[in-house]
């Protein structure tokens, strides 16, 4: 891989693993978009762009994991 190219394969692995451990705690975010940086939900909102902008304002050097929490079941494949 060229030196100037970023390997994005593991870029959000900490955030993804954190989401997997949350279980029922995600319930308060149903129908909302969330941004996760490290092991912390740093923003929530009604749209992905709103949440992304909030997360980048708080953590400008990080790449947040952005997701919408579904209504009935939270299932991570």
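Each reported figure results from applying straightforward, stated rules to the coordinates on display, with no laboratory input. As the structure is a prediction and not an experimental result, all values here were calculated from the model. Glycine also receives a Cβ, built like all others from the backbone with ideal geometry; neighbour counts cover every protein chain displayed.
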Which of 47, 21 has the fewest Cβ neighbours within 10 Å, and the rest in rising order: 21, 47
With a ≥ b ≥ c taken as the square roots of the eigenvalues of the C-alpha gyration tensor of the range 13-68, please select rounded if a/c is under 1.5 and otherwise prolate if a/b is larger than b/c or oblate if it is not? oblate
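Which of the peptides 51-59, 22-30, 35-43 is most tightly packed, and how do the rest follow, judged by the mean count of other Cβ atoms within 10 Å per residue? Working shown, then result.
Working: 51-59: 16.9, 22-30: 12.0, 35-43: 19.0.
Averaged packing, sorted descending, gives the order 35-43, 51-59, 22-30.
Got the relative contact order for the range 13-68 handy, in percent, Cα pairs under 8 Å and 6 or more residues apart?
Values: 82 pairs, mean separation 19.5, N = 56.
It comes to 35 percent, rounded to a whole number.
Grab the Cα-Cα distance for residue 46 and residue 14, subtract it from 0.36 nm times how many residues apart they are, and report the gain in nm with one decimal.
Working: separation 32, 0.36 × 32 = 11.52 nm, distance 2.38 nm.
Once the chain is fully extended between residue 46 and residue 14, it gains 9.1 nm.
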